[in-house]
Each structure stands twice: as structure tokens, then as C-alpha cells.
Amino acid sequence: MSDVVAVVPAPLVVEPSSRPPFVITPSTVVVVDAADDLVPVAVLTADMLGRASGRAVEVSHADLGTPGVVHLRLVDDLPPGDEAYRVVAGDGRVRLEARTADGLVHAVVTLRQLLRPLPGGGVQVAAVRVEDAPRYAWRGLSVDVARHFVSVPDLKVVIGLMGHYKLNVLHLHLTDDQAWRLDLPSRPELVRRASARAVGGDPGGHYSRADWDEILAYAHARAVRVVPELDVPGHVNAAQHAYGELNPDGEPADEYLGIEVGFSRLHDDLPATHAFLADVFGDLAEMTPGDHLHIGGDEVLAMGRDEYERLVRSAAAAVTAHGKRVVAWQEVASVPDLPPGTVVQYWDTRVDPAPFVRAAHAGARILLSPGSRVYLDMKYGPDFPLGLEWAGHVELRDAYEWEPATLVDGLPPEAVAGVEAAVWTETLRTLDDLTTMLLPRLAAVAEVAWSDPARRDFDDFTERLAAHGELWDRLGLAWHRSPQGRWA
Ligand code: TNX
């Protein structure tokens, strides 16, 4: 296959043409219709082309007739959806077209993947027309920053990778038994007392308000929205370490730096619990522009079902009170009266999915994160030095060869909101650890979530992916040279 089509995830339509290519030259400029407020994406484009070619590329108002122009504009004659886009390269020019700025970001990423170095230096794009739109609107990655903290610069690397594979939801698991990672104005003791460390006594950290705004802006510029999670009513030892009032005896819980789950719990009969939920989700709603907040709800092993349901409803009410929608792990599926539009996240492939299917029939939206496919903290194989194994081993093909519409028996396909990978960090301590688990599997999950099922084929995928290994090397990213890939 020609490398013209080495785009991951696979686009809907790729039509190579025999016209002359687009070559980046000293006169290459990015042109944008000023009225459209597309300057940020134009800057992103110029920056990307400049890095790829080793030449400074400016944003300007050059004559559109001249060669060397990369023209960004909003149009409407595209496949359906907010994220659809088109790239037309050839005759020394490129047109990037979309309905929205996010669509243009996808166009830029595709352009970047089409760039090829020229033998004598410089880069070019062979003449081609790409027309594309995603299968699912929710294409996520959940990152556990609680077990091990992920610094803002490291998180930006992860967000950059997400953008590169057209993933559009960064779900941040901000709290757990070990630590609370986001400073909230109503509860300053959370990060003051419960963020300094990580699993095994490793160094921790937290995001200040300024860090948070920086993360949101960086993600927004790459067409990624942020869905933050405060995990309740279990996984709350860090909160109980910071605020003794959340415990029946009023005393702060001990710090916990192990990796067991399921032991900590909020208490429905303590008034402080409900005030806490209202405060923290209120702060989070105020700090988060996106319309979804995640309330956790997983693995509460130390509580009766009635109390669990009351606490989940209390957390959900704190979210909807601020006009946000609720996201929660699959354990909430059988809670009666979930707010309309709640997104229920499927993860544990070992349990009976019946309650979950019933919730979908009752109107819940379903987000698919099957552990045995997209838990990217699972080891690639038995001897892999990093990761866990409870959901099995997840090699590249496992992450790729599954079908969201038929994964769960009886689930109405139209209830599926999308697909979300997850990377839990019990065993992952550094950015190298993190990217080793993400790459190459994140690209596989991205193709499952984005591409038309008729366009998906594992051999074709690994062929297109081959060149991506070189890009990861160039960026200095650690990755797993999966024996199932065909690396250059
Ligand atoms: C299950 S997935 C968990 C997490 C662990 C993860 C490790 C989920 C909702 N809960 O607490 O970190 O397994 O793979």
C-alpha cells in the first residue's frame, strides 16, 4: 500500500490523485478567513508544519491563488456531524475544510500524518483528497492521576497523542484512596493533606487552579474536552484522610499508599457527607466548561445496596444541580432514577451485564471500556514488566479486533455513546511507563472508535501504523514494539 493512506484512524474516503504534490517551501503560509475565529487552529497548523519541515511557517493573508498556501476554512458540504472534515492536497496547495474548529483540528492531524520527508530535505504531501467523519462522538481516554500523579507537562504529551489519534475526551480520574489531585476552593485541605504522595510512597502532586486552566486550554486547542472524575462513594480514603468529619468517629483516616480497592466508603447518615458532595461537585462544575462530570461509583464493597443508591443519587444531584450531566462506572446501572442522559461506563467484562443492558433500555447512554480490550494498564503479555493482569493480557490485536455494537449481548447499538480506553497507574510511575502502555494500543482503540467498521482490518491497520513508530521515536516517546505490529 502506498504511504499516502497511512492515516490512523482510517478515514472514510481517501482518494490519491496524479496531480503534483504539495511541498513545504520557504514561501509556505497558512491562510485563514479572519472572521471565522480560526486563528488558534491556524497557529497550530503553522507550528506543526514548521516543526515537520524545519522551516518557520507563518499565518498570513497571502493571495489564495499562489502556491504554498495551506488554506483553512469552514464549509458545510461535508459528511454529517460536527467533527467532519476534508483535506485536499495537490498542485502545491492544501485546503483544510470542516464545519467547526474541532473538525479543522482533525484535518490538521490528518495532514500531519500525510507528510513525507523528501530525499533532499524538506517535506511533501502527495496529491490526495481525504473526506472523513467519526463513527462515535465519544472517543475517550481515562487517565488515573491519583495512584501516580501525572504532571502538567507529561499530561500535555498524553493530550497531544490523543489529538494525534482524534480522541476527543480526556477523562481524568482525579481522586482515589491514595490521593486527591485537584485543588478545590471549598475544601482546601484535600490537596494540602492528601496529595503529596503516591502508591508505594512515590512522590505525588496536585493540580492548582492555574494548572487546571492550562490543561483545559491545551486540550481545547487540540479538540479534546475534559471530563473530570471525583470517585465516590468508595475510593475515598484520601478525602477521609483530609477531612475527619467524613468518618463516623470524626478522626482523619490513615494515609493509604497500597493498591487494594473497595475498602473505603462515605457514610450516608453523616450530614458532612452530603455537604461535601455538594461542595466538591459544585466547585468542579464551576471549574469545568464541558457538560459532563464523572462521579465514579465503582467497587464499593463495604456498603449495603440501599446506602450505595442513596449516596450515588446524592452525588448525581450535586452534578445536575449545576446543569451538568452525570457519568459513572457500570455499578450504578441498577440505581433507580438516574438523571436523564446519564452516561454509564462499562468496564468489568467478568460480571453479568443484565443490569447494564436494562439501564440502556431505560435511557442511559453507554460508554464502552471493556477491560479485556481497552484497559491499557493490562500487560501486553505474561512477562511484560509493567501493568496488571486481572482482565487478562491485552496485545495490539486484542485492543483492535472487537466490535462495539455487538460487544454486550442485548445492548441496543444506538445506546452506545462511544468507546473509552483507560490507563490506571498502580504500576506506572513515569511518562515512559505511561506511553509504553499507550503506544501502540491507543491507536488501535482510536480506530475502533473513529473508523467505519467496513474500513477496519488488522493487517491494513498495522501496515498504516508502521510509520507511526518512527514518529514516536522522533518525539522521544517510549513505546512497546509489539510483535503483532510491522514496524519500519
Ligand atoms: C479497576 S475500572 C478499577 C480501578 C483499578 C483498575 C486497575 C474501575 C472502575 N476500577 O480502581 O485501578 O481496575 O486495572
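Considering E260, E286, which residue is in a helix (DSSP H, G or I) and either surrounded by fewer than 17 Cβ atoms within 10 Å (Cβ to Cβ) or not basic (K, R) (or both)?
Exactly one residue qualifies, and that residue is E286.
Can you find a residue that is surrounded by 20 or more Cβ atoms within 10 Å (Cβ to Cβ), of a type in the set (S, T, N, Q) and within 18 Å of V125 (Cβ to Cβ) anywhere in segment 1-23?
No, segment 1-23 contains no residue that is surrounded by 20 or more Cβ atoms within 10 Å (Cβ to Cβ), of a type in the set (S, T, N, Q) and within 18 Å of V125 (Cβ to Cβ).
Kindly check whether there is at least one residue in segment 432-439 that is free of Cβ contacts under 8 Å to residues at least 40 places away in the same chain, of a type outside the set (S, T, Y), within 16 Å of the ligand (Cβ to nearest atom) and assigned to a helix (DSSP H, G or I).
Scanning segment 432-439, I find no residue that is free of Cβ contacts under 8 Å to residues at least 40 places away in the same chain, of a type outside the set (S, T, Y), within 16 Å of the ligand (Cβ to nearest atom) and assigned to a helix (DSSP H, G or I), so the answer is no.
The conditions are (1) out of contact with any Ser or Thr (no Cβ under 6 Å at 6 or more places or on another chain); (2) surrounded by 23 or more Cβ atoms within 10 Å (Cβ to Cβ); (3) within 30 Å of G163 (Cβ to Cβ), and H220 fails exactly one of them. Which is it?
(2)
Go through segment 392-429 and give me each residue that's among the hydroxyl-bearing types (S, T, Y) and more than 16 Å from the ligand (Cβ to nearest atom).
Y400, T406
Which residues, taken from segment 358-391, are part of a loop (DSSP other than H, G, I, E, B), within 11 Å of the ligand (Cβ to nearest atom) and surrounded by 14 or more Cβ atoms within 10 Å (Cβ to Cβ)?
Those that are part of a loop (DSSP other than H, G, I, E, B), within 11 Å of the ligand (Cβ to nearest atom) and surrounded by 14 or more Cβ atoms within 10 Å (Cβ to Cβ): S369, P370, L376, D377, K379, G387, A391.
Which one is farthest from the chain's Cα centre (by Cα), of the residues in segment 132-157 that are part of a strand (DSSP E or B) and closer than 30 Å to E97 by Cβ?
Per the stated criteria, the residue is D132.
Limited to segment 126-180, what total is found for residues that are touching a Ser or Thr at 6+ places or on another chain (Cβ under 6 Å) and charged (D, E, K, R)?
Here the count works out to 3.
For the condition over 18 Å from W479 (Cα atoms), free of Cβ contacts under 8 Å to residues at least 60 places away in the same chain and touching a Ser or Thr at 6+ places or on another chain (Cβ under 8 Å), what is the one hit in A321, A360, A328?
Being over 18 Å from W479 (Cα atoms), free of Cβ contacts under 8 Å to residues at least 60 places away in the same chain and touching a Ser or Thr at 6+ places or on another chain (Cβ under 8 Å) holds for just one of A321, A360, A328, which is A328.
Name the single residue, out of those in segment 392-405 being free of Cβ contacts under 8 Å to residues at least 40 places away in the same chain and in a loop (DSSP other than H, G, I, E, B), that is nearest to D432 (Cα to Cα).
Of everything passing the filter in segment 392-405, H393 is nearest to D432 (Cα to Cα).
Within the bounds of segment 241-259, is there any residue that is modelled with pLDDT of 95 or more, of a type in the set (D, E), within 20 Å of R197 (Cα to Cα) and within 16 Å of the ligand (Cβ to nearest atom)?
no
Based on what the data block shows, is V445 touching a Ser or Thr at 6+ places or on another chain (Cβ under 9 Å) and β-branched (V, I, T)?
Taking the combined requirement at face value, the residue does not satisfy it.
Does segment 290-304 include one or more residues that are within 16 Å of the ligand (Cβ to nearest atom), small (G, A, S) and crowded, with 23+ Cβ neighbours inside 10 Å?
Within segment 290-304, one or more residues are within 16 Å of the ligand (Cβ to nearest atom), small (G, A, S) and crowded, with 23+ Cβ neighbours inside 10 Å.
The values are calculated or read from the model by the stated rules, or taken from the named source; none is laboratory data. The shown structure was predicted, so the numbers you read here are calculated from the model rather than taken from an experiment. With ideal geometry, Cβ positions are generated from the backbone for all residues, glycine too; neighbour counts draw on all protein chains shown.
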